[in-house]
Every structure is written in C-alpha cells, then in structure tokens.
Amino acid sequence: MLSKFKKDISKYKAYSQSNTIILLLTQQGLWALFVYRISNALFVSKSPRLIKRFLLVFCLIAQKWIEILTGISLPYSATIGERFYIGHFGGIIINANAIIGNNCNISQGVTIGVSGISEKRGVPIIGNNVYIGASATVVGKIKVGDFAVIGANSLVTKDVESNSTVLGVPAVKVSDRNSNGYI
C-alpha cells in the first residue's frame, strides 16, 4: 500500500516540481488516493472477515468524507494501478468494480461507470498509460487499450484500441497518436 502511494506521490512531484509536504497539503487528488490506498489494502487483505468488515466501515466513512470534500469518488473495491494521477479535483466518479491499469492520468469531471443491458452490462477495464481528458465518460463492458487517449468531453461506449486517440459523442478513433505526450 505504502509503496503504491509513494509511486503516486513521485508522479505528482514530476508534474509539479513541488516537495512532498506541499503536495500532501494542496493536492486533493492525493488526499483521495491516500484514503483509497489504505482502504483498498484492507479490502484485499486476508484479515479475518469480521475484523475486516468492522474496519471497512471506517474506510467507508473516510471515503464519503473525501467525496464531500473533494468531489472525487474512489471506492475501495475498485482496482487502481500504481502511479495514478488526478490532474484536477472535482466531479470524478469511478465505479466500485472498475479496473484501471498503471500510470494512468484522469482529469476533472471524468466518469468511469456501469452501463449496458443483459450480457453487455458491465464496467470498463482501463489499460496502462491511458490518458482520460476532462469531462470524459467511459462506460460499459469495454476495454481501453494501453497508451490510449480519450479526448475531453468524449463518451466512450465501445472498446478503444491501444495506441490510439478517440474523441466525440459517441467517441470514434481520430488518430494513431498514443498517450506518450500526455503522461
């Protein structure tokens, strides 16, 4: 848990050139990530069930407090890889069953959620090194490939190829440009 959070902090440091204390005091995304990392570590631990459930109540309270304070919802049951970066706080909703890979960046207003009917109902799986622009919505039982870019204000309801950029409502592939310049 601590090693993943240290990697999150190092990514924030690379973007802002600030020291750790300043980042911890000023970056709401780090506040949300801190609560998420502790809560998720407990959630996936092999602790006795009764103790785990009791402690998760406090984690849920902390998560709700962070949601109210920052507008960022990172449920402890979601799977979020290391070096996760939240560019700006506010309006960020991640489904409890979402899977997000390593070294991903998301911006304000992003929703990663459930959608679909019957066997098509589900939650996205986001690959590694993915950039998701401001106010983008990624929903349904889809996969977003590694090094993908999702443009601002896009609605993604279908799979996104690795090393591609999608944009629009509904999102369509607009180029083969990958996320290297964004991450």
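Any read-out appearing in this document is the output of simple, stated calculations on the displayed coordinates, not a laboratory observation. Quick caveat, the model's predicted, so the values are computed rather than measured. Counting neighbours? That spans all protein chains shown, and the Cβs are built from the backbone with ideal geometry, glycine included.
Observations on the structure shown:
- Fluctuation leader among Phe84, Phe43, Phe54 - the chain, Gaussian network, Cα springs under 10 angstrom: Phe54
- Percent antiparallel among DSSP beta bridges (both partners in the chain, rounded to 5): 15 percent
- Look at (1) 26, 20, 14; (2) 32, 17, 17; (3) 24, 20, 15: the one that is semi-axes √(5λ) of the Cα gyration tensor in Å derived from this structure is (1).
- Qualifying trypsin sites (Lys or Arg not before Pro) in segment 1-79, DSSP loop, other Cβ atoms within 10 Å at most 12: Lys46
- Taking Thr79, Thr26, Thr111 as the candidate residues, the one with maximal mean-square fluctuation in a Gaussian network model of the chain, Cα springs under 10 Å, is Thr26.
- Highest-MSF residue in the chain out of Gly127, Gly101, Gly168 [GNM, Cα springs under 10 Å]: Gly168
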